[in-house]
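The values are calculated or read from the model by the stated rules, or taken from the named source; none is laboratory data. Since we're looking at a predicted model, the values are computed, not measured. Here Cβ is always computed from backbone atoms with ideal geometry, including for glycine, and neighbour counts include all displayed protein chains. Each accessible area value is taken on the protein alone, full model and side chains, heavy atoms only, with ligands, DNA and RNA left out. Shrake-Rupley method; radii C 1.70, N 1.55, O 1.52, S 1.80 Å.
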Amino acid sequence: MLDFFTIFSKGGLVLWCFQGVRGPAATAPVNALIRSVLLQERGGNNSFTHEALTLKYKLDNQFELVFVVGFQKILTLTYVDKLIDDVHKEFRDKYRNEFQQKGALGLLNGTFDFKDDFMRLLRDAEESSKVRAPTVMKTFEQSVKSQKTVKCMIETRGEKPKEKVKNKKNKGSKKDGTEAVAAPSKASAGDKQLSAAGDKEELTKDEILQKNREEFFRRHMKAGEKSSVFLCSTRSPKPDAQKEKGKKPRVWDLGNSNAKVLDYSNSATNGSAEACPVEEFDPDMALGDKNREPGRLYDLEYESDDEAEEEKVVQNPSKPSVKKGGLGGMFGMLKGLVGSKSLTREDMDPVLEKMKDHLIAKNVAAEIAVQLCESVAKKLEGKVMGTFTTVTSTVKQALQEALVQILQPQRRVDVLRDVMDAQRHRRPYVVTFCGVNGVGKSTNLAKISFWLIENGFSVLIAACDTFRAGAVEQLRTHTRRLNALHPPESHGGRTMVQLYEKGYGKDAAGIAMEAISYARNQGFDVVLVDTAGRMQDNAPLMTALAKLIAVNAPDLVLFVGEALVGNEAVDQLVKFNKALADHSMAQTPRLIDGIVLTKFDTIDDKVGAAISMTYITSKPIVFVGTGQTYCDLRSLNAKAVVAALMKA
């Protein structure tokens, strides 16, 4: 039983609609399909699930039409694909002339009486699914095994199968030429082998067995003597002077050689900022670019090779592209350029295959690359090519538009606006960072803290990584440096960043709750919660993270991922979201709100991780980490990322 079937144009005009059951209209699920799939270029799969409904759709790119059918997802309707294909073909053929002659006016002023035709096609599709008989297993007499006799299945010892013998004969025939050349030189060796074979034939089986055993023991005795001699000769004499035992600490060039400064073993100093020794460092190294504008988050930049491409375009016309008298080459070129036919799947398959390999080489997850190419194929199939355009350029242009659309989020996360809104309600704005081990959560938390401080907001860092050794000390070092760059004297005596920590081995959710309460009482604007790194398959740690988020209800949950990963990015994000949904006790669980992409300066033009992460979650990349200083924080520039991705 179908819930609805609707036909509408890509401009949003509903041409015809069928309501199968009484209930709410098809407006909400169709709008969800348009918003989440069609506008976001996620058409790799022709089905979409919205609440209790499953929607299947088909695009007609020639007349800019969309055919959508909806039914309950608990039902298994095998005739839906056939029905939507038949309706598409019937509707096109019936109103083709009206679309071609009147164009958009035909859609506005036309009347589409399609109910009788649709009911006929629906009955035919339902009957075809009932008539289809179930597959019957073959009997033993119909199988290939029944045709074999018992004699052909018996193998005697020492006899080789006939197929293998034939293969060896074929291989031997190829080597006849080489063996014929080497035959005269090996005649004497062959005579010796024949004589030895003759002696063996004269001996009995027991004598041959005994002789083989004696040869076996003789060989092993010789091998044992050789190995013992080799070991005796290579054994090095014991050194007279033994090396000093113990481990010496490494002294770095830019580090602090004072051991007392690096000793954090005293528990009395844990948590008190006054007891921490002041560490000297170069502010210029921490800030990086001196000409930057304070508080501004610059866009990600990419240097393209447009000038080199323009030079190639200028140089190509000077080369003779057509041979003298070769008019066929000129006509073939014009035939390939002039848009005289609509695109078919066979035309696009070679180009899409190259595009898919290119995306995978740029670090896009293989599954995502396949879905992207499938979405582009569905978008272009049946579309008439423009004049003087090739299939490659058309497909490439469509893929670029799809990638830009994916990287541009449905909802933009404006952290500064949200912080000011929280200020008006007199509460701190809470951000939680999560991710796997070693991706740079604490480092990029410090960069975001610096950016917030430069915009005039006070920050409280909650050290909720109570597992990793040195996690609290790392945040304490960042706090000291940030306070040195922005001392209280520059902000009217107000301390701009503080660290809230309770040591190691404590409950992270409890520490975060206490930090938020402390920030509310002390008037802090932002609370940044640092969590321990955890693998996405570790169920106990994922349960603890879900508890921390559910108990404290942060305003923003950021997943920190590195740009070096490929297929692993999809697995991490999917399992993190699934774990947060499964282990949350709330009816509407809190999932990941945005992404922080780190180590972007290490990948050159292999920027595919950005595509994989945004495609799988539909969440925006809020921050991009690009270097080692506090200023190396960028916002994502979709066009720059796509330019790097499409670079050959």
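Sub-7 Å Cβ pairs linking a first residue in region 46-57 that is closer than 10 Å to PHE71 by Cα to a second residue that is open to solvent by 40 Å² or more (accessible area, probe 1.4 Å) and in a strand (DSSP E or B), at least 6 apart or interchain, are ALA52/GLN72; LEU53/GLN72; THR54/SER47; LEU55/SER47; LYS56/SER47, ordered by first then second residue. Within region 44-69, which residues are under 25 Å from the mean Cα position of the chain (by Cα) and more than 14 Å from VAL80 (Cα to Cα)? Result: GLY44, ASN45, THR49, HIS50. Can you spot a residue in region 352-361 that is at pLDDT below 90, outside the structural domain of VAL526 (by the TED database) and not in a loop (DSSP other than H, G, I, E, B)? Taking every residue of region 352-361 in turn, none turns out to be at pLDDT below 90, outside the structural domain of VAL526 (by the TED database) and not in a loop (DSSP other than H, G, I, E, B). In the set (1) exposed (fewer than 15 other Cβ atoms within 10 Å of the Cβ); (2) in contact (Cβ under 8 Å) with a residue 12 or more places away in the chain; (3) not aromatic (Phe, Trp, Tyr), LEU33 fails one condition alone, (1).
To keep it simple, each residue is scored yes or no on (1) of a type in the set (A, V, I, L, M, F, W, C); (2) within 14 Å of LYS378 (Cα to Cα).
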residue	(1), (2)
LEU53	yes, no
LYS58	no, yes
PHE71	yes, no
THR76	no, no
LYS89	no, no
ASN97	no, no
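Name the residue, out of LEU2, LEU55, LEU83, LEU33, that is in a helix (DSSP H, G or I), touching a Phe, Trp or Tyr at 6+ places or on another chain (Cβ under 6 Å) and not small (Gly, Ala, Ser). Give the steps one after another, and end with the answer.
Details: LEU2 fails: in a helix (DSSP H, G or I); LEU55 fails: in a helix (DSSP H, G or I); LEU83 fails: touching a Phe, Trp or Tyr at 6+ places or on another chain (Cβ under 6 Å).
Criteria check complete, one pass: LEU33.
Would you confirm whether or not region 525-533 contains a residue that is within 30 Å of ALA369 (Cα to Cα), open to solvent by 10 Å² or more (accessible area, probe 1.4 Å) and touching a residue at least 24 places away in the same chain (Cβ under 8 Å)? Before the answer, list the steps.
We begin by selecting, within region 525-533, every residue within 30 Å of ALA369 (Cα to Cα); these are 533.
Remaining after also requiring open to solvent by 10 Å² or more (accessible area, probe 1.4 Å): 533.
Of the ones still in play, those that are also touching a residue at least 24 places away in the same chain (Cβ under 8 Å) are 533.
Yes: region 525-533 contains one or more residues that are within 30 Å of ALA369 (Cα to Cα), open to solvent by 10 Å² or more (accessible area, probe 1.4 Å) and touching a residue at least 24 places away in the same chain (Cβ under 8 Å).
Residues that are polar (S, T, N, Q): which strands (runs of 3 or more DSSP E) entirely in region 441-537 hold 1 or more of them? Even if it seems obvious, please write down each step before you answer.
On the way: elements: 459-464, 497-500, 526-531.
In region 441-537, the matching strands (runs of 3 or more DSSP E) lie at 497-500, 526-531.
Entry remark, region 392-412: residues being open to solvent by 20 Å² or more (accessible area, probe 1.4 Å) and in contact (Cβ under 8 Å) with a residue 40 or more places away in the chain number 12 in total. Across region 476-492, not a single residue is classified as among the polar types (S, T, N, Q), in the same structural domain as GLY435 (by the TED database) and under 30 Å from the mean Cα position of the chain (by Cα).
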